[in-house]
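*Asks:* There's a structure below that I have some questions on.
Read-outs: derived from the displayed coordinates by stated rules, not from any lab. Computed from a prediction, not measured in an experiment: that's the story for all the values here.
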């Protein structure tokens, strides 16, 4: 039987889906509604100094990288399989575009977060 790399992509897809289901809606609510409208949050919660302090902390840096990368892998897997559903031939080019884009976004986000310093 030929070995497959599909379980790796399904793992990233599942982890990203779980993360987006649990935390995605809360992130959208906080950054899109609660903070701009001042709904029960401190007025400087998402101010530049606070966000930079979070992003420069090792734990915050790790959390941001996990959220960004798993959301990207989840989206890549969804887009790849949606192309098949739409009748687009999902060959090597589509696979490279979807999963390569997620890998590139993961690397770019890691480099950007590491460039902020600790």
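*Asks:* Considering the values (1) 1.04; (2) 1.19; (3) 1.28, which represents Cα Rg over 2.2 N^0.38 Å as calculated for the structure under consideration?
*Replies:* (3)
*Asks:* Would you look at the GNM of the chain, springs on alpha carbons closer than 10 Å, and say which of 76, 94, 15 moves the most?
*Replies:* 94
*Asks:* Kindly express, to the nearest 10 degrees and within the range 0 to 90, the angle between helix 92-115's C-alpha long axis and the longest C-alpha principal axis of the chain.
*Replies:* Here the helix axis deviates by roughly 30 degrees.
*Asks:* Which angle between 0 and 90 degrees, to the nearest 10, do you get for helix 58-85 versus the longest principal axis of the chain when only C-alpha atoms count?
*Replies:* 40
*Asks:* I'd like the orientation of helix 6-19 relative to the chain: the angle between its Cα long axis and the longest Cα principal axis, in ° from 0 to 90, rounded to 10.
*Replies:* Tilt of helix 6-19: around 30 degrees.
*Asks:* Would you compute, from DSSP H runs of 4+ residues alone, the mean residue ellipticity of the chain at 222 nm, taking -39500 (n - 2.57) per run and dividing by the full residue count, rounded to the nearest 500?
*Replies:* Values: 5 runs with 80 residues, N = 118.
It lands at -22500 deg cm²/dmol.
*Asks:* Pairs of Cα atoms under 8 Å, at least six residues apart: use those to get the relative contact order of the stretch 6-115, whole percent.
*Replies:* Working: 70 pairs, mean separation 35.8, N = 110.
Taking the mean separation of contacting Cα pairs over the length of the stretch 6-115, I get 33 percent.
*Asks:* So which residue, out of 72, 92, 53, gets the largest mean-square fluctuation from a GNM of the chain using Cα contacts under 10 Å as springs?
*Replies:* Evaluated over the chain, the most mobile residue of the options is 92.
*Asks:* Once you've got the GNM for the chain with C-alpha springs shorter than 10 Å, pick whichever of 71, 29, 80 has the biggest mean-square fluctuation.
*Replies:* Maximum fluctuation in the GNM of the chain, among the listed residues, is at 29.
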